[in-house]
1. Obtain the nm distance between the two label points defined at B:N43 and B:A136 by a simple spin-label model: each point lies 7 Å from its Cα along the Cα-to-C-beta direction.
2. Within the protein assembly as shown, how many Lys pairs that are eight or more residues apart, or on different chains, come under 30 Å at the alpha-carbon?
3. If amide hydrogens are placed 1.01 Å from N in the peptide plane, which non-local residues have theirs closer than 5 Å to the one on A:L48?
4. Rounded, prolate or oblate for segment B:5-121? Axes are the square roots of the Cα gyration tensor eigenvalues, ordered a ≥ b ≥ c, and the cut-off for rounded is a/c under 1.5.
5. How high is the relative contact order of chain B, in percent, with contacts defined as C-alpha pairs under 8 Å that are six or more residues apart?
6. Given springs between every Cα pair under 10 Å in a Gaussian network model of chain B, which of B:V45, B:V14, B:V96 has the largest fluctuation?
7. Working from Cα positions, state the angle (0 to 90°, nearest 10) between the long axis of helix B:98-120 and the longest principal axis of chain B.
8. Estimate the FRET efficiency between B:R59 and A:L52 by the formula 1/(1 + (r/R0)^6), using the beta-carbon distance for r and 45 Å for R0, to the nearest 0.05.
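Bear in mind these aren't lab numbers, they're just calculated from the coordinates by the rules spelled out. If you're wondering where the values come from, they're calculated on a predicted model, not measured in any experiment. Heads up, the Cβs are rebuilt from the backbone with ideal geometry, glycines too, and the neighbour counts pull from every protein chain shown.
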Amino acid sequence: MAKRIEAIVERDGTLNIEYIGFHGPDCRSEGISLEKALSHYGVDASELSHRLKSEEEVELEIGEGGAKGSSERDAGYV
Amino acid sequence: MSQVVSYRSKLKLVGVGSGRGIEADPGWEILCDAMRVVAEELNGVVCREILDFFGRPRRCSLALRTPQFPRGVGIEVCPKTGWVSFLYDDYGMNEVDPKSIVGRITQTHVAFALARALRDMNYAVEIDESEIPGNAGRVVTVRGEL
């Protein structure tokens, strides 16, 4: 299975990243590499939350055309 | 099964904080690109100063002035830490929200930085943008595949 990363960038800079095809520690180490690479390009990213997405959720999204939610958070940098 | 991770992100030019000149920092190049793109989208201009309520100029590292907010939104980079901050004077301008411009710059910078970071990690990358109806901003999606 191909490894994919899908990220939604919100207006306040919040990143919601889905790691697809990564298993266990692979996801963690990819996340750490990505944070490091982002800091090189001027983005200081700190983890807010982390959850597993179940197969049922994935199936539901496929059924609904891939709709995803988003949330508002404080900008904190202005 | 996949894993979803949310990150709060802030703009920080690490090279500047560690003594490198601002223009040698790869994050600065991304920030300039983001400002140019947002300027095009909003019919604005990139410059080096903003105006306050009294029309007095204030110099910044980079600024964006648009027809909707001609006083402009400025960017300053702390030479000691590299943290990026936004400056504007919106006193008396109730109909314009400069935070929407700040948000657009931040969102564009983070999306560009993410695309560059993923390419460095050997991902094939694509970026999609779509405006939210009702002038409520836009959604930016960055996809990478190994």
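1. 2.5 nm
2. Qualifying lysine pairs in the protein assembly as shown: 21.
3. B:S6, B:Y7, B:R8
4. Judged from the Cα gyration tensor, segment B:5-121 comes out prolate (a/c at least 1.5, a/b above b/c).
5. Relative CO of chain B lands at 18 percent.
6. With Cα springs under 10 Å in chain B, the top fluctuation among B:V45, B:V14, B:V96 is at B:V96.
7. 30 degrees
8. That pair, B:R59 with A:L52, gives E of 0.35.
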